[in-house]
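Colleague: This is the structure I have questions about; it appears just below.
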Amino acid sequence: MPPNTSPLISAKALAGFSELIIALAALRAGLHDIVKASIAGSIIGNVLLVLGGAMLAGGMRYQEQHFNPIAARSQATMLLLAAIALILPAVFQTAANGTGGLDRLSVAISIVLLLVYLLSLAFALVTHRALFAGSHQPDEQKGQPSKGRAIAVLAGATVGIAWMSEILVGTIEPATQELGLSQIFVGVFVVAVLGNAVEHATAILVAMKGRMDLSLSIAIGSSVQIALFVAPVLVLASLVLGPTPMDLAFPAGLVLLVLVSVLITTQVANDGRSDWLEGVQLLTIYAILGLTFFFLPANVATSH
Amino acid sequence: MPPNTSPLISAKALAGFSELIIALAALRAGLHDIVKASIAGSIIGNVLLVLGGAMLAGGMRYQEQHFNPIAARSQATMLLLAAIALILPAVFQTAANGTGGLDRLSVAISIVLLLVYLLSLAFALVTHRALFAGSHQPDEQKGQPSKGRAIAVLAGATVGIAWMSEILVGTIEPATQELGLSQIFVGVFVVAVLGNAVEHATAILVAMKGRMDLSLSIAIGSSVQIALFVAPVLVLASLVLGPTPMDLAFPAGLVLLVLVSVLITTQVANDGRSDWLEGVQLLTIYAILGLTFFFLPANVATSH
Amino acid sequence: MPPNTSPLISAKALAGFSELIIALAALRAGLHDIVKASIAGSIIGNVLLVLGGAMLAGGMRYQEQHFNPIAARSQATMLLLAAIALILPAVFQTAANGTGGLDRLSVAISIVLLLVYLLSLAFALVTHRALFAGSHQPDEQKGQPSKGRAIAVLAGATVGIAWMSEILVGTIEPATQELGLSQIFVGVFVVAVLGNAVEHATAILVAMKGRMDLSLSIAIGSSVQIALFVAPVLVLASLVLGPTPMDLAFPAGLVLLVLVSVLITTQVANDGRSDWLEGVQLLTIYAILGLTFFFLPANVATSH
């Protein structure tokens, strides 16, 4: 394995890890709304804030950046699949109207998603690994991204996250009440942003080194990992660990949030190139989503 | 006409034919819900199950298969058009709230769809037929797909379908009640799958021969044919044949089903290439949709 | 600046201008429903009727027309961004359920949209202007589109519009009641069509000259301008001019209208080529949308 793929491996492993730690703590405390908000927030944070920031930062240095369109489309399709998998339990809940079956459906869909995730790993690491090798590296001659610097950034971010997640879960409820913010706003736009700090730093770092391939892989790959690995694992873990089983039915607002984020990401990622305006477009959607949830009264945001 | 386009012609003609036979029988029996479920099921079955199966089967033999992206996009756009045409009467019904006009709207949209279908035939067979000629045929040298074998498969499937459709319509209601399944689940995932057996066999057969062009054309083409030809004809036929006129307002669940299927198909078909993971992605959406409708209580699934 | 880009500049400037004049008159009269219907109608009219007409007219003369796919995708992404920005206040209104905050959210989103619009101008006119230069000009040798003829068409259309907008706003209410049409139908499909007469004439004229680049830029560019410039300016202007502030929450029917139009436009524009069938597909969606709103009873169409 070439040495400069290490930031990718590290960032993605940490992404799932830090997200899981925060979510498991909230799950044991029975805060299902916070867990779901944090899952949705991580999905959209990675594709809008992280990828948007990387495309903007990279685009300020390069007129145009390129990445493998086949790999990007494949990951974007996986993201669309994940969004659809999160829409259906919510629709089921509305249609079934409390007649039961939601927990069994959530478990069944979680198992399907975990299988697809394993197959996607087989695709990326075994049968089609050449697609993800990252052939567009304009700065290659000017020097590899410093491995030491990358590790330092990652280590710093990890320590910060572990420390913050401890504090966060304990202080979410009093803090949101004090500030008058809805739990859902905090979960989506505060907890998730902190949980994605590593990806954010890494993705921007490599984008500015001209390696948009890697940046895109971190950002979309992390979202896919949250949706197809972290979310199903939490549903299954809740059967054992949680006070009550957690289902996959997200509140309608979160479903919409994920869906629009995936639509714009698909549009931006499909063509194999990026520029600063694409970064601005992703960040704008993030800002508008943030504003909408910020103005939402605390009591209505969490309803289904 | 080259001899090896015959499976395409036969499969597509049979697709519309067997679908129409089953649906007309149900229409005369006044089973509008079953007819609509079967239409929606055929649309999604062709693009998710048939195309997904073909991409998976073909992808297990070829690292990557190619097809004409312009023809594929054109058909995917037609599919999106069809999905939008099915959304609007449902939305109209909710908005108009029983104040009338739905039947006239359904007839008007049906006429528009039939006109577009005729124009799309003119496009594919007259003005732009070169697009649909199928230039990517890696196995051409190793031998044509056997015409005799193709015809045998088709003939067998047709006899089976004619026989089953007789039995099916008569036994749907007692069977669903006995098994506790919702009519909509049976219509979408049982009737439609049987009705598409021919396309399924043909599409997988040609995909394994390396002719993904043909496979895609059968799968998406059949869905387009159901949406733009079979559905409008049934609406117009119900004015004469049926006990009551059938409208184009599909239940919300079916509209959602069609919409998500079309979104993922568009994403997969637009790029002019396929691999086994794309097959898995389409089949996964089919499985998740099936699970959702399977767990839905029989009494709520058919409500609007 | 080459002389033959003048129709583009004139058409786009006039588009914003005539739209603003009509809308400001309606805004001062407190007809917020008409203003919103006219905004939605202009957005969909430009991408479905104007672009569809141009692709059909151009496609009847050329087998296939090409345009810069990067510029087209960039504008299509902006259109998708605009559609999402119009969905969210409507969803907010439903979720917040009258608990306030909608006016502040509308102002905040309007300011964000105006900033993005300015950045998109910087992108198109400064940092990436080469993308929008229009390299595909098959008819260039046969002669420039006549500047005199273009100006005559534009001048004629402008005079017509100014005259009609005077009459329109005064006669909308009595006319709709007399004809039994809903205000929303009139706003979307009558007022907006007249307001886009200039773009329509120009876009078809240049498409028939083989310059689909310019045609697409006028059509999608005008829609983007309405959504990211005219709509936010009207929201901000209503704080000063209007009897009451206008919010950005469009009725659900209009939101759906814009969303489906943007989805099909994105699908058609992304690939960098057009043919007559793509024109037919866009026009068909326009016709189906028109039929749906035409049959809607006058009293329900404007509800949220």
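The values are calculated or read from the model by the stated rules, or taken from the named source; none is laboratory data. Fair warning: this is a prediction, and the values are worked out from it, not measured in the lab. Note that we place each Cβ from the backbone using ideal geometry, even for glycine, and neighbour counts take in every protein chain shown.
Colleague: Please state which one of C:L254, C:L234, C:L248, C:L216 is within 14 Å of another protein chain (Cβ to nearest Cβ), buried (at least 20 other Cβ atoms within 10 Å of the Cβ) and part of a helix (DSSP H, G or I).
Modeller: Only one candidate qualifies: C:L254.
Colleague: For the list (1) over 19 Å from the mean Cα position of the chain (by Cα); (2) at pLDDT below 85; (3) buried (at least 16 other Cβ atoms within 10 Å of the Cβ), I need the number of the one condition that B:G195 fails.
Modeller: (1)
Colleague: Turning to a different aspect of this structure: What's the number of the condition A:A85 fails, among (1) closer than 27 Å to C:R129 by Cα; (2) within 14 Å of chain B (Cβ to nearest Cβ)?
Modeller: It fails just one condition, (1).
Colleague: Quick check on my filter: what residues within the range B:268-284 are more than 9 Å from chain A (Cβ to nearest Cβ) and touching a strand residue (DSSP E or B) at 6+ places or on another chain (Cβ under 9 Å)?
Modeller: Within the range B:268-284, B:G272, B:S274 qualify.
Colleague: Starting from residues that are assigned to a loop (DSSP other than H, G, I, E, B), more than 25 Å from B:L205 (Cβ to Cβ) and not β-branched (V, I, T), keep the ones in the range B:96-145 and report whichever is modelled with the lowest pLDDT.
Modeller: B:G98
Colleague: Among the residues of the range C:277-294, is any touching a helix residue (DSSP H, G or I) at 6+ places or on another chain (Cβ under 6 Å), in a loop (DSSP other than H, G, I, E, B) and not acidic (D, E)?
Modeller: Checked the range C:277-294: no residue is touching a helix residue (DSSP H, G or I) at 6+ places or on another chain (Cβ under 6 Å), in a loop (DSSP other than H, G, I, E, B) and not acidic (D, E).
Colleague: Select from the range B:27-43 the residues that are under 14 Å from B:V233 (Cβ atoms), out of contact with any Asp or Glu (no Cβ under 9 Å at 6 or more places or on another chain) and among the β-branched types (V, I, T) and list them in ascending order.
Modeller: Across the range B:27-43, the qualifying residue is only B:V35.
Colleague: Right, something else. Going through C:I70, C:I84 one at a time, which residue ends up being among the aliphatic types (A, V, I, L, M) and touching a residue at least 24 places away in the same chain (Cβ under 8 Å)?
Modeller: Exactly one of C:I70, C:I84 is among the aliphatic types (A, V, I, L, M) and touching a residue at least 24 places away in the same chain (Cβ under 8 Å), namely C:I70.
Colleague: Taking the range B:95-111 on its own, how many of its residues are surrounded by fewer than 21 Cβ atoms within 10 Å (Cβ to Cβ) and either of a type in the set (F, W, Y) or within 9 Å of chain C (Cβ to nearest Cβ) (or both)?
Modeller: The total comes to 9.
Colleague: Another question, if that's okay. Looking at A:G242, A:G253, A:G279, which one is in contact (Cβ under 8 Å) with a residue 24 or more places away in the chain and within 30 Å of C:A71 (Cβ to Cβ)?
Modeller: Exactly one of A:G242, A:G253, A:G279 is in contact (Cβ under 8 Å) with a residue 24 or more places away in the chain and within 30 Å of C:A71 (Cβ to Cβ), namely A:G279.
Colleague: Are any residues in the range B:241-283 at pLDDT below 90 and among the β-branched types (V, I, T), and if so, which ones?
Modeller: Matches in the range B:241-283: B:T244 only.
Colleague: Same structure, new question: May I ask you to verify whether A:G52 is within 22 Å of A:Y286 (Cα to Cα), more than 12 Å from every other protein chain (Cβ to nearest Cβ) and not aromatic (F, W, Y)?
Modeller: Spelling it out, it is not the case that A:G52 is within 22 Å of A:Y286 (Cα to Cα), more than 12 Å from every other protein chain (Cβ to nearest Cβ) and not aromatic (F, W, Y).
Colleague: May I pose another question? For the range C:257-270, enumerate the residues that are surrounded by fewer than 21 Cβ atoms within 10 Å (Cβ to Cβ) and either part of a loop (DSSP other than H, G, I, E, B) or among the hydroxyl-bearing types (S, T, Y) (or both).
Modeller: Matches in the range C:257-270: C:N270 only.
Colleague: Among the candidates A:G16, A:G30, which residue alone is modelled with pLDDT under 85, assigned to a helix (DSSP H, G or I) and surrounded by fewer than 24 Cβ atoms within 10 Å (Cβ to Cβ)?
Modeller: A:G16
Colleague: While we're on this one: Which one is farthest from the other protein chains (Cβ to nearest Cβ) among residues in the range A:115-129 that are of a type in the set (G, A, S) and under 17 Å from A:I218 (Cα atoms)?
Modeller: A:A124
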